[in-house]
Amino acid sequence: MTPQIIATFGPIDRAETLRGAHAAIVKAGYDGVYLPQSPGLFEPLEMAGYMAACDTSALKYFVTQRTGLIAPTMCSRMFATLDQLTQGRIVAVLDAESDTNADGDTLDATQRIPRALEYGRIMRNLWSADKPLDHAGTHYAFNKGRTNVPPLQKGALPLLMQCAPDVDIAGSAFDGVILSGPQTADSVARFVAQKLVVAVVVEDAPEQTIATYAKAGASTFIIAASHADLSSQFVERCRAAATPKT
């Protein structure tokens with residue numbers, strides 16, 4: 001898989017800040033931008049739609065939603081709509097790691113993972129369904145759920161879970177993971193061995209860290225906002241580090 005170097009915004013709560021950061025990321029040549037969801041700041045789905053309308057590049061948008069805040073049926077429609085409007089440039093990310101107490105969701109980390117697995121399965125099923133679906137699960141139940149708006153990527157809209165390195169998602173609806181926080185090359189290799197896409201959040205010593213995780217099989221590298229460099233030279237150095245030497 002071709003390595004991807006992904007930018008991250010710092011906190012965004014003003015339109016002019018978003019416009020400036022987006023323009024700089026496109027100019028620098030990043031492959032995409034990662035949009036986390038955070039209470040009190042701009043919402044990622046709306047940000048992605050706005051930015052995609054402002055550029056004609058091939059920039060991808062890794063758009064995050066924290067599970068438990070909206071129903072998976074509605075979330076599936078929102079992502080499918082956004083994928084259509086952006087010409088297939090969306091990667092859906094379900095964040096099962098971040099605390100959601102500030103938004104009224106009181107599940108702890110151990111409870112959020114199984115809910116996210118069910119949530120992802122519902123979204124995947126709805127994207128590919130050709131008729132209304134019924135679902136009766138542990139966390140969600142509905143009758144005649146449907147979306148008449150399929151993703152432009154024809155049911156293959158990439159779906160990643162943001163989680164800790166010790167989470168097991170083998171056999172789930174997810175295509176891969178975004179690993180944040182402390183991790184090792186071994187944890188990356190474990191997910192790769194399960195034929196999952198692995199994206200890692202890179203903080204300290206970006207080029208060295210990217211090279212280490214690339215050798216373990218990671219293919220997507222999200223540069224933390226605190227360590228981002230909006231120069232094309234930096235992006236090219238990261239891309240070179242992400243290409244294992246043969």
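Each value in this text was obtained by applying a stated rule to the coordinates, not by laboratory testing. Treat the numbers as computed from the prediction; the structure is a model and nothing was measured. Note that each Cβ is placed from the backbone with ideal geometry, even for glycine, and that neighbours are counted across all protein chains shown.
Computed from Cα positions, the angle between helix 15-28 and the longest principal axis of the chain comes to roughly 60 degrees. Annotation for segment 121-160: trypsin sites (Lys or Arg not before Pro) lying in DSSP loop with at most 12 further Cβ atoms inside 10 Å of their Cβ are Lys154. If you take the Cα centroid of segment 184-218 and the Cα centroid of segment 31-95, the two points sit 24 Å apart. Seen against the Cα atoms of the chain and their longest principal axis, helix 206-216 is set at about 60 degrees.
Here segment 7-24 and segment 223-246 have alpha carbon centers that stand 19 Å from each other.
The sum of -39500 (n - 2.57) across all DSSP H runs of n ≥ 4, divided by the residue count of the chain, sets its helix-only mean residue ellipticity at 222 nm to -11500 deg cm²/dmol. Loop-located trypsin sites (Lys or Arg not before Pro) in segment 188-220 (DSSP state other than H, G, I, E, B) with a sparse environment of at most 15 neighbouring Cβ atoms within 10 Å: Lys195.
Taking 0.36 nm per residue of separation and subtracting the current Cα-Cα distance, fully stretching the chain between Asp168 and Glu207 would add 11.2 nm. Would you mind telling me the antiparallel percentage of the DSSP bridges in the chain, rounded to 5? Approximately 10 percent, going by the DSSP bridge assignments. Cross-link partners of Lys27 among lysines, defined as those whose alpha carbon lies under 17 angstrom from its own and excluding same-chain residues fewer than eight positions apart: Lys60.
Extension gain, Tyr50-Ser226: 0.36 nm per intervening residue step, less the Cα-Cα distance, totals 61.0 nm. Full extension of the segment from Asp130 to Leu69, taken as 0.36 nm per residue of separation minus the current Cα-Cα distance, would add 19.3 nm. Straight-line cross-link partners of Lys154 among the aspartates and glutamates, defined as a Cα under 16 Å from its Cα and at least 8 positions apart when in the same chain: Asp83, Asp130, Asp175. Shown for Met1, Met51, Met78: other C-beta atoms within 10 Å of each C-beta, ranked fewest to most, produce the order Met1, Met78, Met51.
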